[in-house]
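K.L.:
Let me begin by handing over the structure; questions about it come next.
The values are calculated or read from the model by the stated rules, or taken from the named source; none is laboratory data. Note that the structure is predicted; figures quoted are calculated from it, not measured. Here Cβ is always computed from backbone atoms with ideal geometry, including for glycine, and neighbour counts include all displayed protein chains.
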Amino acid sequence: MTASAWNEFEQRLACEGSWHADSQALAWPVPEALSQRLAERNAAALATVSALEERRADNADDDDPVMQELMRLDAKLNALIDMVSRVSLSADALPPRQVLSFNAIGAVVPDALASVGEELLLRLRFDACPSVPLELPARVDRRLGDGRTFIAFRGLGDGVAASLERFVFRHHRRKVAGARQANA
């Protein structure tokens, strides 16, 4: 299983970047009740981050008053969400940023994140909503020897895994679009 998880991870698209991340030891096997709660919270976290990161095309030439009102309300709602996130979790309370890559199979993380034990809960916080962490149960799969460790996610459930794959794809698509705009 070790070689297959690593091979599958390498063959799939992965998010690469710097996110607020930390980890904690996790008793294994994960109790069913905890696994279910994590799946529900992760599905909600991915939906929230996806909704907040979604970029709508700004159409300044649109004279439709209903559309203008919707865009105004959308901007106010985004500002409100940002304020609530800042109040609920100060920047000092966030874990440090870590350079890592992940997809629905697992993550390549700094050795420090994997030092809590062979079984762990990886928590990722995204800039769009840092107060809502993505909590992913994982097991250390292999030490890569360059200061990084590959951890394989376990028990995500099909729904969370599919949502995570969509998140990774959207993240990659935004990076490609940004690179194209920079070159234009």
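K.L.:
For the stretch 116-175, name all the residues that are on the phi > 0 side of the Ramachandran plot and crowded, with 16+ Cβ neighbours inside 10 Å.
P.N.:
Residue satisfying the conditions is 155 alone.
K.L.:
Residue check, residue 11 against (1) modelled with pLDDT under 85; (2) surrounded by fewer than 12 Cβ atoms within 10 Å (Cβ to Cβ), all met but one. Which one?
P.N.:
(1)
K.L.:
Something else: Right, residue 131: within 28 Å of residue 4 (Cα to Cα) and of a type in the set (S, T, N, Q) or not?
P.N.:
Considered against the rule, which asks whether it is within 28 Å of residue 4 (Cα to Cα) and of a type in the set (S, T, N, Q), residue 131 comes out as no.
K.L.:
Can you name the number of the only condition in (1) under 23 Å from residue 34 (Cα atoms); (2) at pLDDT below 90 that residue 125 fails?
P.N.:
Unmet for residue 125, out of (1) under 23 Å from residue 34 (Cα atoms); (2) at pLDDT below 90: (2).
K.L.:
Residues being in a loop (DSSP other than H, G, I, E, B) and not hydrophobic (A, V, I, L, M, F, W, C): count how many of those fall in the stretch 128-173.
P.N.:
9
K.L.:
Moving to a separate point now. For the stretch 14-25, enumerate the residues that are in contact with a Ser or Thr (Cβ under 8 Å, 6 or more places away or on another chain) and either surrounded by 18 or more Cβ atoms within 10 Å (Cβ to Cβ) or not in a strand (DSSP E or B) (or both).
P.N.:
14, 15 - these are the residues of the stretch 14-25 that are in contact with a Ser or Thr (Cβ under 8 Å, 6 or more places away or on another chain) and either surrounded by 18 or more Cβ atoms within 10 Å (Cβ to Cβ) or not in a strand (DSSP E or B) (or both).
K.L.:
Right, another one. Test residue 99 against the stated conditions and say whether it is farther than 25 Å from residue 28 by Cα, in contact (Cβ under 8 Å) with a residue 24 or more places away in the chain, assigned to a strand (DSSP E or B) and not aromatic (Phe, Trp, Tyr).
P.N.:
Answer is yes for this residue.
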